[in-house]
Amino acid sequence: MTYRRTAYAAAVLGVVAMWVMTSGCGVPKEFRPIDPDAALFWDRQTDENRELLESIIAEFNAGRDGVPVKADYVGGYSEIFRKIMTSIQARTVPAMAVGYQSMTTVYAQSGAIVPLDPFVNDPESGLTQEELDDFFPVLLETNRYPSLGNAMYSFPFCKSVLMLYFNKRVMAAAGLDAPPRTWDEFLEQCREIKRRTGRPAYAVAVDASTFNGMVYSMGGEVYANGESLFDSPESLAVLSLYETLGKENLAYQILAHRFDDRSDFAQDKVAFFFRSSSHRTYTAMLIETEAWGMAVIPQADPDNPKTVLYGPNVNIFTTTPEHERAAWEFTKYFTSPEITVRWALGTGYLPMRKSAAQDPRIQAFWEEWPYNRVPFDCLAFAKSEPNVPGWQEVRGLIENAVAGVLNGVKTAEETASELKRRADRVLAESR
């Protein structure tokens, strides 16, 4: 994990350094499209998701003139990022690509992507105020970058939220009939499950987004005014929870980038795991529908819930007016009410428009299983993660800190202080 984060940081510095050396007086040289005959879209979708995306692209191309959109699958998000950085150095880039906010800040610093405000506000091809208001506010807010003049340099593409997955069979064996609503209840249920079954209750996939979502649910923040807030009472409460879970053998960590939490859950080895709502589709393949459910993550105050927002955005790269226009028109088409509903039903991601709640297909989907609607309702109180330079490296620090506390390497108090110090140093160096 540390190696991957270090490699990421080194790659970022390499791109920025190359930009400085090749851009003369701070003005980037011209970028060219990799494919002059198509607006190339670098994405990571696989299998059924890829088939659906390609069918949507085909429908888009059939309904318009000009440069067609063409999807190209080059691996996961990290692979896409590395390949784009190489492309930036070569001055040949795709028309658009998926990525996260931390990647967007690097692309923008190199001059390789265009701000989207002119497209969004265009009176002919942009979005009306009514259309903008149909998006959940957090989806648009997370794509504005304070370090870049609060301009919109990306647009939402696939979104999900952090959820609590609970196994009804394991809970019933411990005499529990409902998932926990507060973190105190969560800890007590974990203890009761351990007492009654003799096994840990929670399989932990250590993840920075999960930690951030837990801090949000405690009523806290992880970043403000250029500094991390990892020594706040809310952050310390999360680290203390992990410390207790580890000390009392109520939880265990799974291997990184594996999904043993889902498989252990399906085999009734644990009662709980925390993952993005997009894992619903995969979990349903492993366990009977009546044996499990999804819930809002536990809260400090259930009447004022918070969770974390997941999912990639789209960047449009600096190429030609024709390629940039095609990329924007496809982005607008993909996030239209009709397509966002189709995409949600076909992939497990969430529809990004409020009006989806009135769509008969979505309503029928919600009626199929009582938990299908829960993630959608979470969009109203989901919070995005910081989109400032250096946060990708901070994510690695968070994950190492959580793993250390869970496994008893350091106390929660020691970890909170050290995590803040290291994170603030990274953030300061990245400005």
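Laboratory data are not the source of any read-out in this text; all were calculated from the coordinates shown. Worth saying up front: this structure is predicted, and the values here are computed from it rather than measured. Heads up, the Cβs are rebuilt from the backbone with ideal geometry, glycines too, and the neighbour counts pull from every protein chain shown.
At a glance:
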{"quantity": "Karplus (6.51, -1.76, 1.60) ³J(HN,Hα), θ = phi - 60°, over the stretch 268-275, in Hz, Gly and Pro reported as x", "calculated": "6, 7, 9, 9, 9, 8, 10, 8"}
{"quantity": "Equivalent ellipsoid dimensions for the stretch 106-209 as semi-axes, Å, which come from the Cα gyration tensor, largest first", "calculated": "46, 17, 10"}
{"quantity": "For the stretch 326-415, with +1 on Lys and Arg beta carbons and -1 on Asp and Glu, the positive-most of 327, 378, 412 along the dipole", "calculated": "327"}
{"quantity": "Amide H contacts of residue 204 (H built 1.01 Å from N, under 5 Å, at least 5 apart or other chain)", "calculated": "252, 253, 254"}
{"quantity": "Phi to ³J(HN,Hα) by Karplus 6.51 cos²θ - 1.76 cosθ + 1.60 over the stretch 68-78, Hz, x for Gly, Pro", "calculated": "x, 8, 9, 7, 9, 9, 10, x, x, 4, 5"}
{"quantity": "Peptides ranked, highest mean first, by Cβ atoms within 10 Å: ranges 40-52, 148-160", "calculated": "148-160, 40-52"}
{"quantity": "Over the chain: helical MRE at 222 nm, DSSP H runs n ≥ 4 each giving -39500 (n - 2.57), nearest 500", "calculated": "-14500 deg cm²/dmol"}
{"quantity": "Packing-based exposure ordering (other Cβ within 10 Å, fewest first) of 323, 257, 279", "calculated": "257, 279, 323"}
{"quantity": "Check: the stretch 326-376 dipole with +1 on Lys, Arg Cβ and -1 on Asp, Glu Cβ, in debye", "calculated": "120 debye"}
{"quantity": "Nonlocal amide H pairs with residue 161, under 5 Å, H built at 1.01 Å", "calculated": "277, 278, 310"}
{"quantity": "Most to least packed among 422-431, 199-208 [average Cβ atoms within 10 Å]", "calculated": "199-208, 422-431"}
{"quantity": "Cα pair count fraction exceeding 25 Å, expressed as % - the stretch 39-169", "calculated": "36 percent"}
{"quantity": "Percentage, to the nearest whole number, of Cα pairs in the stretch 304-431 over 26 Å apart", "calculated": "49 percent"}
{"quantity": "The stretch 383-431: projected area of the alpha-carbon convex hull, averaged over directions, in nm²", "calculated": "3.6 nm²"}
{"quantity": "Packing-based order for 76-83, 266-273, using average beta carbon neighbours within 10 Å, highest first", "calculated": "266-273, 76-83"}
{"quantity": "The stretch 190-286, dipole about Cα centre (Lys/Arg Cβ +1, Asp/Glu Cβ -1), debye to the nearest 20", "calculated": "600 debye"}
{"quantity": "J(HN,Hα) series, the stretch 376-391, from Karplus relation 6.51 cos²θ - 1.76 cosθ + 1.60, nearest Hz, glycine and proline x", "calculated": "4, 5, 5, 4, 5, 10, 6, 10, 7, 8, x, 10, 10, x, x, 5"}
{"quantity": "Cut-off 14 Å between beta-carbons: net charge of the residues surrounding residue 161, Lys and Arg +1, Asp and Glu -1", "calculated": "+3"}
{"quantity": "Over the chain, relative contact order from alpha-carbon pairs under 8 Å, at least 6 apart, %", "calculated": "25 percent"}
{"quantity": "Amide H contacts of residue 182 (H built 1.01 Å from N, under 5 Å, at least 5 apart or other chain)", "calculated": "299"}
{"quantity": "Residues 183, 369, sorted so that the one with the fewest Cβ neighbours within 10 Å comes first", "calculated": "369, 183"}
{"quantity": "Dimensions in Å of the chain - Rg and Dmax from alpha carbons", "calculated": "22.0, 69"}
